[in-house]
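Right, one structure below, let's go through it.
The values are calculated or read from the model by the stated rules, or taken from the named source; none is laboratory data. All values reported here derive from a predicted model rather than from experimental measurement. Glycine gets a Cβ as well: all are built from the backbone with ideal geometry, and neighbour counts include every protein chain shown. Just the protein is used for accessible areas: all its heavy atoms, side chains included, with ligands, DNA and RNA removed. Shrake-Rupley method; radii C 1.70, N 1.55, O 1.52, S 1.80 Å.
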Amino acid sequence: MQKKLTMLYFSPTGNTLCAAQHLAEGLAEQVEKIDLSLPQTEPCSSESDALVLLASPVFGGRLPALFLDRLAHFAGQNARAVTVVAYGNRAYENALLELNDAAETHGFQVIASAALLAEHSMVRAVASGRPDAEDQAQLSTFARRILHKLEKGELLPPAVPGNRPYKQWQKMPAVPLASSNCIQCGLCAKRCPAGAIPAGRPNETDPQHCILCMRCVSLCPQNARALPPQAEEAIRAKLAPVAGIRRENELFL
């Protein structure tokens, strides 16, 4: 096991972090976490012999542009990297390929990749409870395989699915709305990764900046935020064909 691993992650609702952390803890005794959802994240460089885990959720088969913007502030310096995308049971499409391309562009040496299941951030009943005990056992085994690859000095990048050019992605034309339960505590405004909620008017959302990451919905202590009912129903209908399917993690070495 490695002594230390640095995890650069973007996990607005905590689901991606939960999935990636199981793998990280199987790779190193100490895991340093850097949350790229925080706008004040300080740029830094990795050591050439470091081990880094990059983790992002999948948004419509792609990576969140905000995650990529903030990842660009980090210089890999040829550090070895494990890449992870987490998705809610539908499909991850081009996201893992996009992450590996971005990692290599910023100087990371990708040695292993994974597409992991996590609860869907908009419809939590889809992939509910993932990662579960079976997932955790699988990731523990995968971590040992990654460490064995490192010990043997085999640093070739894994082949992952996906297509270039990446698919086009457009955000759904809706934003979470605040109900009369909102007490204007400001927590959502303070924690919004995109700065889409005005500090002085936390019951509003700027549709030009909102990335539909669902953090404001997941952390509201009053359960005062939700997608508009029509939008939520449209998402449920879209996910209905995969809602009862158990997809498995896809691991690449």
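Each part reduced to its alpha carbon centroid, region 192-211 and region 53-119 end up 25 Å apart.
Taking every Cα-Cα distance in region 74-132 and sorting them into 5 Å bins from zero, the calculated P(r) comes out as 4, 20, 23, 17, 14, 12, 8, 2, 0 percent. Orientation-averaged projection of region 36-173 equals 9.1 nm² [convex hull of Cα atoms, one quarter of hull surface area].
Charge dipole of region 126-229 (Cα centre as origin; +1 on each Lys and Arg Cβ, -1 on each Asp and Glu Cβ, all else neutral): 200 debye, rounded to the nearest 20. Dividing the Cα radius of gyration of the chain by its Kirkwood radius returns 0.97 for Rg/Rh. Using the Cβ-Cβ distance between Q77 and S180 with R0 = 51 Å, the FRET efficiency computed as 1/(1 + (r/R0)^6) comes to roughly 0.50.
Its relative contact order, with pairs defined as Cα atoms under 8 Å and 6+ residues apart, puts region 1-152 at 24 percent.
The number of Lys pairs in the chain with C-alpha atoms less than 29 Å apart, excluding pairs fewer than 8 positions apart on the same chain, is 13.
Residues of region 219-246 with the amide nitrogen closer than 18 Å to a label point 7 Å from the Cα of L38, along Cα-to-Cβ, please. Inside the label zone: 219.
In region 28-179, a dipole from Cβ-located charges (positive for Lys and Arg, negative for Asp and Glu) runs towards its positive end, and of A28, A127, H73 it is A127 whose Cα lies farthest in that direction.
Principal axis extents of the Cα atoms in region 61-100, from largest to smallest and rounded to whole angstrom, are 34, 21, 13. Ordering 84-97, 152-165, 176-189, 13-26 by mean Cβ neighbour count within 10 Å, with the highest value first, yields 84-97, 13-26, 176-189, 152-165.
Residue-normalised convex hull volume from the C-alpha trace of region 19-113: 93 Å³ per residue.
Using a probe of 1.4 Å, the accessible surface attributed to K33 totals some 100 Å² when neighbouring protein chains are kept in position. Stokes-Einstein diffusion for region 99-237 at 20 °C, viscosity 1.002 mPa s, with a Kirkwood radius from C-alpha pairs, works out to 117 µm²/s.
Normalised size of region 182-253, defined as Cα radius of gyration per 2.2 N^0.38 Å with N residues, equals 1.41.
Using the 1.4 Å probe convention, the accessible area of the chain works out to 48 Å² per residue with neighbouring protein chains retained.
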